Amino acid sequence: MSQPRYSSYIAGQWLAGAGDHADENPADLDRPVGHYGVLDAAATAQAVDAAAAAFPAWSLSSPQQRAEILDLVGSEILARKEELGRLLAREEGKTLAESIGEAARAGQIFKFFAGEALRIPGEKLASTRPGVEVEITREPVGVVGIIAPWNFPLAIPAWKIAPALAFGNTVVFKPAEIVPGCAWALAEILSRAGLPEGVFNMVLGSGRTVGHALACHPKLDALSFTGSVPTGRALLRQAAERALKVQMEMGGKNPLVVLADAELDKAVECAVNGAFFSTGQRCTASSRLIVEAPVYEAFVARMQARLAMLQVGDPLDPQVHIGPVASAAQLDTDLGYIQAGHEDGAELLAGGGRVERPTRGHFLAPTLFAAQPGHRIAREEIFGPVAAVLRADDYEHALALANGTEFGLCAGICTTSLRHASHFRRHAQAGMVMVNLPTAGVDPHVPFGGRKASSYGPREQGRYAVEFYTTVKTGYTLA
Ligand code: ADP
């Protein structure tokens, strides 16, 4: 069977792009998922021009039309979730069950925002002046650039594209380099859903060329980015120069606190899931397991036993719990941090290296270190199946350790104490707090986002998405 060749989508046309780049399967490097061509800066500029040309009409389109289109997209994604999940598993490497779950979530997100298109909020207030009426309405922002990462190649684009379109914006979507197949699949579905030409565009290519051209285009009105801290900060600096509206989701170094009164088996499940599922490649991954001293040894022993049971391998194999690392570059980063753990004097508790499988792939054993708060593996985002356990003297110490990071995306606690759970929910310096749940795994209809170095700008998802994807107008009328 010939392999698919993924192309870009601009102004209602498919563009092959240059070159024949392999879309790698990280579990089987000898059998790529497909091939793709990349655009240059000039083609990217055309995509923004197309989106700008389509904006005036689309911004005045009927909410009912937008709702129907988004609902159609959501229905198709849901109907094809197994097939899309399979593509995702082969291209990004998360297990088939996780991949199908992600595809379903992408479908649900489109359906949620189909409803939101019909519920654009506004307010009417009495003026301080007699006879005057004040009306607060929301209007679309304009051309929205969407720069997405590879770790949720269907769900993250969905939670940016769906609200952008729902509220009447036009879109140029730039996916991460290593997931062109999922981006193409999403674009292909959107291309048949009844959107006018130029309303949705998808551009394949490198961050440096295509991403840069998109972010710097003068006709761009807003930029939603999810990715690494260095890229996010660079984009933020550029955006500040021209006062571009931005929304940034960057790194995390999420703590999961385990108190002595926790149900230990449940805490271990939260830790295993949060730290290692999806190969640890989630910005909400629990990469710091902060355990109160009385249960520290028991927790570590149970983690070691549990990790020994996890199968690493082909994500399409139903027996496998952890797929490969998504790319050679990410594997290098992960191995570099394992090395840093050894250099800093952390004690290896599980894993620690690559594992051989029948196919050539980026397989890495789930790796756990006993670390000190100053160790690099306990401070910096790794974005792989590598976690650090830290010992805490008591709850206050655990809370201080949990908050002792530049990041603030998600924080979790396992406890049976209502007092500690309530205190932690209030005092954790994070945008999301989990009690007796893994730090990763969020609902699609409520706000997602963090504090400190993790996030910048309005929240994503749920009703709160309206903040970023619309702009407020205050109208005064003397009747
Ligand atoms: P990662 O290291 O996980 O790939 P990045 O932040 O580099 O994270 O990538 C996230 C997204 O940002 C990708 O779509 C990537 O192509 C894009 N990107 C990378 N560099 C730039 C840049 N200089 N300008 C715009 N986009 C970029």
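Rule-based calculations on the coordinates, nothing more; no lab input. Here the structure is a predicted model, which means the values were calculated and not measured. FYI the Cβ positions are ideal-geometry reconstructions off the backbone, even for glycines, and counts take in every protein chain you see.
Nothing charged except the Cβ atoms of Lys and Arg (+1) and of Asp and Glu (-1): what's the magnitude of the dipole of region 255-435 about its Cα centre? Round to the nearest 20 debye. Let's see the in-between values first.
Working: 14 positive and 20 negative charges, 68 e Å.
With Lys and Arg at +1 and Asp and Glu at -1, about 320 debye.
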Using a basic spin-label model with each label point 7 Å from the Cα along Cα→Cβ, how many nm lie between GLU263 and ASP344?
-> 3.3 nm
FRET efficiency (ALA42, ALA305; Cβ distance; R0 45 Å; to 0.05) is 0.20
Three principal axis extents, largest first, for the C-alpha atoms of the chain, in Å?
-> 71, 66, 41
Placing +1 at every Lys and Arg Cβ and -1 at every Asp and Glu Cβ, with all other atoms neutral, what dipole size does the chain have around its Cα centre, in debye to the nearest 20?
-> 1000 debye
Cross-link pairs LYS111/LYS160; LYS174/LYS452; LYS111/LYS452 - those with Cα-Cα distance over 22 Å = LYS174/LYS452; LYS111/LYS452
For 401-413, 43-55, ranked highest to lowest by mean beta-carbon neighbours within 10 Å, the order is 401-413, 43-55
Can you give the Rg and Dmax of region 5-152 based on its C-alpha atoms, in angstrom?
-> 20.5, 75
List the extent of the Cα atoms of region 379-432 along each of their three principal axes, largest first, rounded to whole Å.
-> 33, 24, 17
Nearby lysines by direct alpha-carbon distance to LYS266 (threshold 24 angstrom, same-chain neighbours under 8 apart not counted) | LYS94, LYS253
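Using a simple charge model, +1 on the beta-carbon of Lys and Arg, -1 on the beta-carbon of Asp and Glu, nothing else, what dipole does region 82-151 show about its Cα centre, in debye to the nearest 20? Working shown, then result.
Details: 9 positive and 11 negative charges, 27 e Å.
In total the dipole reaches around 140 debye.
Take the eigenvalues of the Cα gyration tensor for region 98-171, scale each by 5, and report the square roots as semi-axes in whole Å, largest first. Provide the component values of the computation, followed by the final result.
Working: eigenvalues 245, 36, 14 Å².
Working from the Cα gyration tensor, I get semi-axes of 35, 13, 8 Å.
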Based on the mean of other Cβ atoms within 10 Å per residue, sort peptides 444-455, 300-311, 328-339 so the most packed one is first.
-> 444-455, 328-339, 300-311
For the chain, the helices passing both cut-offs (Cα extent along own axis of 30 Å or more, Kyte-Doolittle mean at least 0.0, full DSSP H runs) are 96-117
Would you mind calculating the gained length between ALA479 and THR209 on full extension (0.36 nm times residue separation, minus the Cα-Cα distance), in nm to one decimal?
-> 91.9 nm
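What does DSSP give for the chain in terms of the percent of beta bridges that are antiparallel, rounded to the nearest 5? Intermediate results must be reported in sequence, preceding the final value.
Working: 30 of 71 bridges.
Counting DSSP beta bridges with both partners in the chain, the antiparallel share is about 40 percent.
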Relative contact order (percent) for the chain, with alpha-carbon contacts under 8 angstrom and 6 or more residues of separation?
-> 18 percent
Roughly speaking, what is the stretch gain from ARG233 to TRP14, that is 0.36 nm per residue apart minus the C-alpha to C-alpha distance, in nm to one decimal?
-> 75.6 nm
Short version: what are the Cα gyration tensor semi-axes of region 376-479, square root of 5 times each eigenvalue, largest first, in whole Å?
-> 34, 17, 13
When the helix-only estimate is applied to the chain (DSSP H runs of n ≥ 4, each -39,500 (n - 2.57), divided by the residue count), what is the mean residue ellipticity at 222 nm, nearest 500 deg cm²/dmol?
-> -12000 deg cm²/dmol
Tell me, in nm to one decimal, what length is gained between LEU418 and SER75 on full extension, where the rule is 0.36 nm per residue of separation less the Cα-Cα distance?
-> 119.4 nm
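Out of every Cα pair in region 267-350, what percent are spaced more than 18 Å from each other?
Details: 1799 of 3486 pairs.
When every Cα pair of region 267-350 is considered, 52 percent fall beyond 18 Å.
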Which of the lysines could be linked to LYS473 by a straight reach, that is with a Cα gap under 22 Å, when you skip same-chain ones fewer than 8 residues away?
-> LYS124, LYS219, LYS245
